[in-house]
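The values are calculated or read from the model by the stated rules, or taken from the named source; none is laboratory data. Since the model is a prediction, treat every value here as computed from it, not as a measurement. Counting neighbours? That spans all protein chains shown, and the Cβs are built from the backbone with ideal geometry, glycine included.
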């Protein structure tokens, strides 16, 4: 188990927040942002959140930190255990596969809507999110691509211009981001991802909603199949 707060896992995390009427919201957003940055499936054991250390790091009392953690638990991002503390949630392999299916369904619907709602400039801008580094075989480049790949998929979701779909995908994104980062370390996965994303852009530019939705759905389901075979750990 990783003892200590999240800030000990990610030293460059949450800066002190200013005291204001929206303090509770600021603390919640600061903690949520940090949790989403941590690749929890690369962390050995459990990631424990220490209220005292978090409150000192943020420069606030423990009350808003405790309230933020309660809200994060309601979202399924952390869990509280009596006499043990609060931990970042790690899903089982079966739960991750279910999460990826849900993500694929949401993103494919957003992609279909993007064919109708996104501007030509917005669609063309997606190509800028697929750099040449994705074609490299080095782990460093694949890690860099993993972050860009997640931005690509979240941008695609946003192009659907459907607030409900974006909201539903928000909690899933933390786990999807982590699993994508690990999967892309397997040899050949980055190249497959780039090729599939380029096909998606081509279909989107052609305003083929059915094909775009299918390609995005198949991409997500393919990741689920990869996790089912290889699990949730880095290669």
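A few points about this structure:
- Scanning the range 7-40 for residues that are modelled with pLDDT under 85, outside any loop (DSSP other than H, G, I, E, B) and more than 16 Å from the chain's Cα centre (by Cα) yields a count of 3.
- Any chance residue 92 is under 12 Å from the mean Cα position of the chain (by Cα) and either over 14 Å from residue 219 (Cβ atoms) or at pLDDT below 90 (or both): no
- Number of residues in the range 67-81 that are within 19 Å of residue 169 (Cα to Cα) and part of a helix (DSSP H, G or I): the value is 4.
- Within the option set 211, 168, being in contact with a helix residue (DSSP H, G or I) (Cβ under 7 Å, 6 or more places away or on another chain), under 17 Å from residue 107 (Cβ atoms) and without any contact (Cβ under 8 Å) to a residue 24 or more places away in the chain holds for one residue only, 211.
- Scan of the range 41-66 for residues that are touching a helix residue (DSSP H, G or I) at 6+ places or on another chain (Cβ under 7 Å), assigned to a loop (DSSP other than H, G, I, E, B) and either modelled with pLDDT of 85 or more or more than 26 Å from residue 150 (Cβ to Cβ) (or both), ordered by number: 60, 61
- Residue count for the range 200-231, restricted to those that are within 22 Å of the chain's Cα centre (by Cα) and in a helix (DSSP H, G or I): 21.
- Residues of the range 55-84 classified as surrounded by 18 or more Cβ atoms within 10 Å (Cβ to Cβ) and closer than 26 Å to residue 179 by Cβ, total: 5
- Among the candidates 234, 158, the residue that is surrounded by fewer than 18 Cβ atoms within 10 Å (Cβ to Cβ) and modelled with pLDDT of 95 or more is uniquely 158.
- All of (1) free of Cβ contacts under 8 Å to residues at least 24 places away in the same chain; (2) surrounded by 21 or more Cβ atoms within 10 Å (Cβ to Cβ) hold for residue 107 with one exception: (1).
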